[in-house]
1. Take the conditions open to solvent by 80 Å² or more (accessible area, probe 1.4 Å) and either at pLDDT 80 or above or not in a helix (DSSP H, G or I) (or both) and apply them to residue 1. Does it pass?
2. Can you say whether residue 133 is within 19 Å of the chain's Cα centre (by Cα) and not acidic (Asp, Glu), as far as the supplied structure shows?
3. Taking residue 175, is it at pLDDT 85 or above and out of contact with any Ser or Thr (no Cβ under 7 Å at 6 or more places or on another chain)?
4. Go through segment 59-83 and give me each residue that's open to solvent by 20 Å² or more (accessible area, probe 1.4 Å) and either assigned to a helix (DSSP H, G or I) or β-branched (Val, Ile, Thr) (or both).
5. If we scan segment 166-183, do we find a residue that is under 20 Å from the mean Cα position of the chain (by Cα) and free of Cβ contacts under 8 Å to residues at least 60 places away in the same chain?
6. What are the residues in segment 103-151 that are closer than 24 Å to residue 32 by Cα and in contact with an Asp or Glu (Cβ under 9 Å, 6 or more places away or on another chain), if any?
7. Select the strands (runs of 3 or more DSSP E) contained entirely in segment 89-162, then report the ones holding at least 2 residues which are open to solvent by 70 Å² or more (accessible area, probe 1.4 Å).
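The values are calculated or read from the model by the stated rules, or taken from the named source; none is laboratory data. In this text, all values refer to a predicted model and were calculated from it rather than measured experimentally. Cβ atoms come from the backbone with ideal geometry, glycine included; neighbour counts cover every protein chain shown. The protein model used for the area step is the full one, side chains on, heavy atoms only, and it has no ligands, DNA or RNA in it. Shrake-Rupley method; radii C 1.70, N 1.55, O 1.52, S 1.80 Å.
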Amino acid sequence: MLKKSSLLWIMALLLVSVSCTQLKQMANFTKCQFRMSSVQNTNLAGVNVQQIKSLSDMNLLQAGKLTAAYASGTMPLSLTINVDAQNPNDATAAMNKMEWILLIEGKEIVTGTLNDRISIAPSGGTATIPVQINADLRKIMAKNSMDENINLGLGLVGAGNKPSPKLSLKIKPSIMIGSLTVPYPGYITLSTNFGTGS
């Protein structure tokens, strides 16, 4: 039968081993290649604007909804940005949590947190991380006119559902070690091409 001190030592070794594994997985995650691959489900004030590029492309009902929303003091925007992560490491990359910041034309629009664990297989394994965005352009861009806010919302999706150059996303992954959250020191800025960010 193991003595209590021996059992505690074994448990401590296991905890250190697990902690080292988790820290290595997050270190690997930060070395992954990232890109914003696509934008889906873009809605502005309840109007699906995924394929609408300008005000002239709208019908009267759609234009009326946007005008009514702006007049009521709101212009809700929702969209999903799909982030591809590719793991070039020879071991699994993982994170438990990811803080994010969405920027439009360099201005921070909204922040959020993804609380799902993401694990990416080694040696070129990939995973797609959907980031759900919800913001109110009317409140955030209060100095903009109605047309400016609408045009901003319409210009977020490029050809082939690619993110517009107006969009950028910053992410900060974290890993859980026991009950402790260990964040990556700083944000990784993503573009539409694979890269390690900046």
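1. Values: open to solvent by 80 Å² or more (accessible area, probe 1.4 Å): yes; either at pLDDT 80 or above or not in a helix (DSSP H, G or I) (or both): yes.
Taking the combined requirement at face value, the residue satisfies it.
2. Values: within 19 Å of the chain's Cα centre (by Cα): yes; not acidic (Asp, Glu): yes.
Considered against the rule, which asks whether it is within 19 Å of the chain's Cα centre (by Cα) and not acidic (Asp, Glu), residue 133 comes out as yes.
3. Values: at pLDDT 85 or above: no; out of contact with any Ser or Thr (no Cβ under 7 Å at 6 or more places or on another chain): yes.
No, not satisfied.
4. If we filter segment 59-83 for residues that are open to solvent by 20 Å² or more (accessible area, probe 1.4 Å), which is where we start, we get 59-65, 67-68, 70-74, 76, 78.
Listed by number, the residues that qualify are 60, 61, 62, 63, 64, 65, 67, 68, 70, 71, 74.
5. Narrowing segment 166-183 to residues under 20 Å from the mean Cα position of the chain (by Cα): 166-176, 181-183.
Cutting the leftovers down to free of Cβ contacts under 8 Å to residues at least 60 places away in the same chain gives us none.
No, every residue in segment 166-183 fails to be under 20 Å from the mean Cα position of the chain (by Cα) and free of Cβ contacts under 8 Å to residues at least 60 places away in the same chain.
6. Those that are closer than 24 Å to residue 32 by Cα and in contact with an Asp or Glu (Cβ under 9 Å, 6 or more places away or on another chain): 111, 112, 113, 114, 122, 123, 126, 127, 128, 129.
7. Numbers: elements: 93-95, 97-104, 107-114, 118-120, 125-136.
Output list reads 107-114, 125-136.
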